[in-house]
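Before any comments, here is the structure.
The values are calculated or read from the model by the stated rules, or taken from the named source; none is laboratory data. Computed from a predicted model, the values in this text were never measured in an experiment. Every residue, glycine as well, gets a Cβ built from its backbone with ideal geometry; the counts of neighbours run over all protein chains shown.
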Amino acid sequence: MNTFEFYRLRSSFQALGTLHFPAGESGNVVRGAFGLLLRQTASSDVYARLFEPGRASGPSPSGFKDWPRPFVFRTAAVDGREIAPGDGFHIDMHVFDCRPELMGAILATFEQLGETGLGPGRGRAALTRVEQIGVDESACEMALRPGPPSVISLDPEPAERAVRQVCLRFLTPTELKGGPDVGPNAGPQFGVLFARLRDRISTLRALYGAGPLAIDFRGLGERARAVKLVSSDIEWIGARRRSSRTGQSHPLGGFTGVVEYAGELGEFLPWLRAARWTGVGRQTVWGKGDLRVI
């Protein structure tokens, strides 16, 4: 059985001052503040494992020149919002390297994150609780360390194998290598989407989890290319960020919207659902590439 493990953490805060999260940039704002604070408070090994994982882990396995960071932020609940003093808000983080020393550093950083300030005005907030959220939306408040990670299966249920049509909603801007142009009837071809998703999930598991997946990579790719794009209603969202460290500007945009596919889709459903937790495409760390099976 092919499975994937991760932690879904939710940190809840109460605003002490006014906080502003710019639309389309909230994930990058949180990632930057979190990374800066982690670098100041955690050991160099823990910081490198989370933010510079290839350098921290010695020789890379074959085919893994650039290691993906083992986490993503989900900040839709605050994106584009101005939060008044006294109001509550939360930030989600999905973590794919489940080692205890990393989780301890993450929890300690969240405890200090609100105190240092968030957003352009560095508005301060008080951490009220950190919860471990299950894939079924159950929540358990955490104390010093989390419980067992969430486990999802990448193998389809027998009843799912008959599925012939799937509709997907891309909630946050998504960029795929070999992805779509935006225009009439344009959209991401399923073979491209699945290839990026398969490679991301398998890489995360190989580097941080239980090891390489026992799957037929070539066969899955060939069958995915046979699935047809039948409708598409997407738009391109443009956004940019400026690095406070280098001063360089980087694009944050991508496509959002709804696409529909037809074909032998049953074996791909668990992978498509897993994209909710891992993201797919470029810049997933700050929340891009979040999609849902609808």
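Observations
- Among the numbered conditions (1) more than 17 Å from Ala105 (Cα to Cα); (2) in a strand (DSSP E or B); (3) in contact with a Lys or Arg (Cβ under 9 Å, 6 or more places away or on another chain), the only one that Ser11 does not meet is (1).
- With respect to the stated conditions, Leu265 fails to be aliphatic (A, V, I, L, M) and either modelled with pLDDT under 95 or assigned by TED's automatic domain parsing to the domain that holds Ala77 (or both).
- On the stretch given as the range 249-289, residues that are more than 23 Å from Leu213 (Cα to Cα) and of a type in the set (S, T, N, Q) total 3.
- Flag for Ala56 being at pLDDT below 95 and not charged (D, E, K, R): yes
- Some residue of the range 123-145 being more than 17 Å from Tyr7 (Cα to Cα) and out of contact with any helix residue (DSSP H, G or I) (no Cβ under 8 Å at 6 or more places or on another chain): yes
- Scanning the range 251-294 for residues that are under 13 Å from Ala224 (Cβ atoms), in a helix (DSSP H, G or I) and charged (D, E, K, R) yields a single hit, Glu267.
- Looking only at residues of the range 105-132 that are among the small types (Gly, Ala, Ser) and closer than 24 Å to Gly279 by Cα, we find that the one that is surrounded by the most Cβ atoms within 10 Å (Cβ to Cβ) is Gly119.
- Per-region count, the range 75-107, residues part of a strand (DSSP E or B) and either over 22 Å from Ala125 (Cα atoms) or within 17 Å of the chain's Cα centre (by Cα) (or both): 6
- Residue in the range 269-283 that is at pLDDT below 95 and more than 17 Å from Ala195 (Cβ to Cβ) present: yes
Residues checked against (1) under 21 Å from Gln132 (Cβ atoms); (2) modelled with pLDDT under 95; (3) buried (at least 19 other Cβ atoms within 10 Å of the Cβ):
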site: Leu16; (1), (2), (3): no, no, no
site: Ser26; (1), (2), (3): no, yes, yes
site: Ala42; (1), (2), (3): yes, yes, yes
site: Arg49; (1), (2), (3): yes, yes, yes
site: Glu52; (1), (2), (3): no, yes, no
